[in-house]
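One structure is given below, encoded as structure tokens.
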Amino acid sequence: QVQLVESGGGLVQAGGSLRLSCAASGSIFSINIMGWYRQAPGKQRELVATITRGGNTDYADSVKGRFTISRDNAKNTVYLEMNSLKPEDTAVYYCNADLKRWSLDLPRNYWGQGTQVTASS
């Protein structure tokens, strides 16, 4: 079994910072893309940022310059450093990983359980 466990969410004032972590565990051969998505009440889940195994990153326009995604391949862990948080960043943040459980496995997509981030005005 594969699990993605997020941590680091919480309540901060607008302008504050938070750091999210997501550790993948279980039967894992390799992880290609890891990323963060978010879903606000009444809205669809949206991409926040992704990072490849080689370190190439992609960000939603709304978070560019404020959020930084990084990963530790040895620990199968992805991070999201969030600075200058705005009330509109309030959402449940989900970790996502595209991984193979063994060498000949097809890549499969996994989600974490989500962690709440609230930026109060």
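The values are calculated or read from the model by the stated rules, or taken from the named source; none is laboratory data. This one's a predicted model, so the numbers in the text were calculated from it and none came from an experiment. Don't worry about glycine lacking a Cβ; one is built from the backbone with ideal geometry, like all the others, and counts go over all protein chains shown. Only protein heavy atoms, including side chains, enter the accessible area calculation; ligands, DNA and RNA are left aside. Shrake-Rupley method; radii C 1.70, N 1.55, O 1.52, S 1.80 Å.
Looking only at residues in the range 90-119 that are in contact with an Asp or Glu (Cβ under 6 Å, 6 or more places away or on another chain) and in a loop (DSSP other than H, G, I, E, B), the one that is least open to solvent (accessible area, probe 1.4 Å) is GLY112.
Among the candidates ASN32, ASN76, single out the residue that is touching a Lys or Arg at 6+ places or on another chain (Cβ under 8 Å) and either open to solvent by 20 Å² or more (accessible area, probe 1.4 Å) or at pLDDT below 95 (or both). Talk me through it step by step, then tell me what you get.
On the way: ASN76 fails: touching a Lys or Arg at 6+ places or on another chain (Cβ under 8 Å).
Going through ASN32, ASN76 in turn, just one is touching a Lys or Arg at 6+ places or on another chain (Cβ under 8 Å) and either open to solvent by 20 Å² or more (accessible area, probe 1.4 Å) or at pLDDT below 95 (or both): ASN32.
Could you look through the range 13-28, keep only residues that are closer than 11 Å to LEU85 by Cβ and in a strand (DSSP E or B), and pick out the one that is least open to solvent (accessible area, probe 1.4 Å)? Give the derivation first.
First pass over the range 13-28, keeping only residues closer than 11 Å to LEU85 by Cβ: 13-18.
Next, only the ones that are in a strand (DSSP E or B) stay: 13, 18.
Values: GLN13: 142, LEU18: 27 Å².
Checking each candidate, the answer is LEU18.
Counting only residues that are closer than 15 Å to ASN32 by Cβ and in contact (Cβ under 8 Å) with a residue 60 or more places away in the chain, the range 90-107 holds 11 of them. What tally of residues in the range 79-89 results from selecting those that are farther than 16 Å from GLN39 by Cβ and either open to solvent by less than 30 Å² (accessible area, probe 1.4 Å) or part of a loop (DSSP other than H, G, I, E, B) (or both)? Final tally of qualifying residues: 4.
Number of residues in the range 35-62 that are part of a loop (DSSP other than H, G, I, E, B) and open to solvent by less than 30 Å² (accessible area, probe 1.4 Å): the value is 2. Given the residues GLY65, GLY10, which is the only one that is open to solvent by less than 50 Å² (accessible area, probe 1.4 Å), of a type outside the set (Phe, Trp, Tyr) and either over 15 Å from the mean Cα position of the chain (by Cα) or farther than 22 Å from ASN109 by Cβ (or both)? So the residue among GLY65, GLY10 that is open to solvent by less than 50 Å² (accessible area, probe 1.4 Å), of a type outside the set (Phe, Trp, Tyr) and either over 15 Å from the mean Cα position of the chain (by Cα) or farther than 22 Å from ASN109 by Cβ (or both) is GLY10.
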